[in-house]
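The values are calculated or read from the model by the stated rules, or taken from the named source; none is laboratory data. Note that the coordinates shown come from a computational prediction; the quantities given were computed from them, not determined experimentally. Virtual Cβ from ideal backbone geometry, glycine too; neighbours counted across all protein chains shown. SASA here: full protein model, heavy atoms, side chains in, ligands and nucleic acids out. Shrake-Rupley method; radii C 1.70, N 1.55, O 1.52, S 1.80 Å.
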Amino acid sequence: MLSLNELWFLLIAVLFVGFFFLEGFDFGVGMETQILAKNDTERRVLINSIGPFWDANEVWLITGAGAMFAAFPHWYATLFSGFYIPFVFALLALIARGVAFEFRGKRDSKVWQKTWDVCIFFGSFLPPFLLAVVFASFIKGLPIDGDMQMYAGFFDIVNAYTVVAGITVVLLCLVHGLMFTTLRTLGDLQERARKLAQKLLIPLAALLVAFVIMTYTMTDIFDKRGTLLWIVVVLGVVAYLLAGYFMTKKKDGYAFGMTGAVMALSVASIFIGLFPRVMISSLDQAFNLTITNAASGHYSLKVMTIVALTLLPFVLGYQIWSYFIFHKRVHEKEHLEY
C-alpha cells in the first residue's frame, strides 16, 4: 500500500511524464516551422495542427508545479529558488511562444510574421532544453546544505552532462513532433516530416546512448535502482527500434506512439532513479531532500488526495474529448485560424 508521500511523488512523476509526452510534440512542431516548412502557408498548417492542443498541454506543467508546491513545499522552494534564472527564461519563452501563435496572423507584414516566427522557434526550443538541464541536475547532484538551501554556481547547472541532456530532449521533441505532423497533415508536408524524422533517428540514438553512459558513470541512480532502470532502458530500446520500423512502413500512428514511449520512459527514469529522494545534495547525502523531509503534513496530503481524485476525471475527460473533436487532418485548402 502506497503512503500519501509516495502517492504524491508518483502523481507528480505522472504529470511531468504527461507534460513531456504531450507538450513534447508541440515543441517539436514549433521548431518545425523553421526547419521543415518551406513557406508561410506550411507554417500556418503546422501551427494550426497544434492550435487546439498546445495551451491545454501546458496545463500539465502548471499542475505538476502546483502539486509539487502543495505536496512537497521544501522541494518546491529549493528547486524554484535555486533554478530561478533558468525558469525565468523558460517562462518568458513559453509566454512569447503563446503570444506569437495568436499575433503572427494579425497583420499582413513579412517583418511582423518573421518576428513572431522567431519567437515560436525559440519558444519551442528553449523550454525543453532548460527543463532537461534542470531534470538532469536533479540526478547529478547540486550543492544543497542542511537548511535545504541550494547554492549552485553556473557550472553546477550548465555542464557537459546537463547540456547533453538538453540537446537530447530537444531532438527527441523534434522527432516526436515530426511524427505528430504526419498524423495531422497530408501530401508533401506529411512526407517530408516522415523522411526528416527517419534521418534524425541515428543522431538521436547516438545522443541517447551517450546520455545513458554518462548517467551510468556520473550519477548514482543505477546503483540505487539498477535493475528497474535497466528494464526501462531495454523497453526504451525496443520502443525506439519499433519507431524506426513503423516509420519505414508509414504506420505513423504506431511510430508516434513509440516516440512518445521513448519520451515517457526517459522522463520516468529520472523519477525512478531519484526515489525516495527528490533532490540530491552533492555536499552530503544527509542533506538530500526526500519524500519524507520535503513533504507537507499528513492532513494536507489527505485533503489534496480527495480533491485530486474528485477533479482529475473531469480534467482528463475534457482533454480526451478535445483530441477526439479536433482529430481531423489540417490541409492548406481549408480556413486556417492562425
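Annotations
- Screening T181 against (1) among the β-branched types (V, I, T); (2) open to solvent by less than 80 Å² (accessible area, probe 1.4 Å); (3) modelled with pLDDT under 95 leaves a single unmet condition, (3).
- Hits in the range 214-233 - residues which are more than 21 Å from the chain's Cα centre (by Cα) and among the aliphatic types (A, V, I, L, M): M218, L228, I231
- Sole residue being of a type outside the set (A, V, I, L, M), crowded, with 17+ Cβ neighbours inside 10 Å and within 20 Å of V315 (Cα to Cα), chosen from E42, E32, E23: E23
- Qualifying residue in the range 148-168 (condition: in contact (Cβ under 8 Å) with a residue 12 or more places away in the chain, more than 18 Å from the chain's Cα centre (by Cα) and on the phi > 0 side of the Ramachandran plot): yes
- Selection count, the range 147-164, where residues are open to solvent by 40 Å² or more (accessible area, probe 1.4 Å), at pLDDT below 95 and either closer than 14 Å to I280 by Cβ or in a helix (DSSP H, G or I) (or both): 4
- Filter pass, L316 being among the hydrophobic types (A, V, I, L, M, F, W, C), farther than 26 Å from T227 by Cα, in contact with a Pro (Cβ under 8 Å, 6 or more places away or on another chain) and open to solvent by 50 Å² or more (accessible area, probe 1.4 Å): no
- Tally, over the range 244-261, of residues that are open to solvent by less than 10 Å² (accessible area, probe 1.4 Å), aliphatic (A, V, I, L, M) and either touching a Ser or Thr at 6+ places or on another chain (Cβ under 7 Å) or under 23 Å from F19 (Cβ atoms) (or both): 1
- The single residue among V133, V88 that is within 30 Å of D284 (Cα to Cα) and without any contact (Cβ under 8 Å) to a residue 12 or more places away in the chain turns out to be V88.
- Single condition D55 does not satisfy, out of (1) out of contact with any Ser or Thr (no Cβ under 6 Å at 6 or more places or on another chain); (2) buried (at least 21 other Cβ atoms within 10 Å of the Cβ): (2)
- The requirement of being touching a Leu at 6+ places or on another chain (Cβ under 7 Å) and at negative phi is fulfilled nowhere in the range 316-327; no residue meets it.
- The set of residues from the range 79-135 being assigned to a loop (DSSP other than H, G, I, E, B) and open to solvent by less than 60 Å² (accessible area, probe 1.4 Å) comprises F83, R104, G105, S109.
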